[in-house]
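Taking it in order: structure first as structure tokens, then the write-up.
The values are calculated or read from the model by the stated rules, or taken from the named source; none is laboratory data. Note that the coordinates shown come from a computational prediction; the quantities given were computed from them, not determined experimentally. Cβ sites come from the backbone with ideal geometry, for glycine too, and all protein chains shown count toward neighbours. The area values use the complete protein model at the heavy-atom level, side chains included, leaving out ligands, DNA and RNA. Shrake-Rupley method; radii C 1.70, N 1.55, O 1.52, S 1.80 Å.
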Amino acid sequence: MARYRLRFLLQEFDLPRGATILGRSSDCHVTIEDPLVSRHHARIVLEGERAVVYDLGSRNGVKVNGLGVKEPTELKDGDRLRIGTQELVFCRVEAAPATSAKTTGFLRHCARCRMPYPQEAGACPSCGATEALDEETLSGQFGQTAQAIWSVQLFLEVLERALSLQRWEDVNRILRRATMQVEERLHRGEAVDGPQLAKLADGAARASVALEDPAWGLWVVQVYRRVPVVVPEEVVGRLAEIAVRFPSDMAEPVEHLAVHARSLPAGPAEGPAIAALERVRASVAPMAQAKS
């Protein structure tokens, strides 16, 4: 009897007999981190040799090969399912799989926006460019380190969409999961990708400002105190906004961050960021004292 899989990015998920639920909720069989995906978005049912997809009343619908489906629709090998902004490929396989979640394919980096994407996609799903950075191509099996980098990159992509849509519940949920991955890497003593950390820190600081809550800004401060990297100047600017709103909460952490930044070897590129951080430190202390 034939077996079926869903290919999502560089992952392949074996579909069991019966129903498979896809959606944003963690209780789904396949969870997709995308603010445009409903909590329980779609269901795929395997019965005998047939596979049928059902839209579970999702907010943004289900598309098969570019066409929206309202009624139960039978899937065929190679059909492309569009759920939110994500595309999944339905595959028929004759041989029994070796594992239930197999990684495959090649990871490329877009020459225009630097986003990673699977080579088989042909074009960057973020900006549509077809040019890749050959010198940065990661080939072969999608190993643990590359998988972690790709996973954080996905969080960053959906975080940016959630911020732009002002969906604050989603923002908090995505930040919790993305920052947990960073914390786990630091706990294991593994390096954290600097550009990714900068984007995550910027998103977290923006959330702090929008939510009028210093919690995510404080996380940004503490994580940069644990890595041998000077906090980027644009992130310092976000921290300055948070410090103006919450001087009592931010004064001491910013002071410690400034001390840590001064202890790091810094070149000309880091100089403006350190100077900006010193200005924030100097301005927030008097504000904190005035409020005390």
Can you pull the accessible area of residue 287 for me, 1.4 Å probe, Å² to the nearest 10?
60
Could you pull out the trypsin sites (Lys or Arg not before Pro) across the stretch 182-268 that fall in loop regions by DSSP (anything but H, G, I, E, B) with no more than 16 other Cβ atoms inside 10 Å?
188, 225, 226
Label points 7 Å out from Cα along the Cβ direction at residue 52 and residue 225: separation in nm?
5.8
Write down Rg/Rh for the stretch 213-265, rounded to two decimals, with Rg from the C-alpha atoms and Rh from the Kirkwood relation over Cα pairs.
0.94
In whole percent, how big is the carbon plus sulfur part of the accessible area of the stretch 170-292, probe 1.4 Å, protein atoms only?
55
Based only on Cα atoms, what Rg/Rh ratio does the stretch 165-233 have, Rh being taken as Kirkwood's radius?
0.96
Would you list 76, 70 from the most to the least accessible area, probe 1.4 Å?
70, 76
Give, in nm to one decimal, the length gained when the segment between residue 17 and residue 80 is fully stretched (0.36 nm per residue of separation minus the Cα-Cα distance).
20.7 nm
1.4 Å probe accessible area per residue over the stretch 189-292, in Å²
47
Can you send over the solvent-accessible area of residue 193, 1.4 Å probe, protein chains only, in Å² to the nearest 10?
60
Loop-located GluC sites (Glu not before Pro) in the stretch 20-78 whose Cβ has at most 14 other Cβ within 10 Å (DSSP):
49
Shape parameters for the stretch 151-292, alpha-carbon atoms, Rg then Dmax in Å
14.7, 43
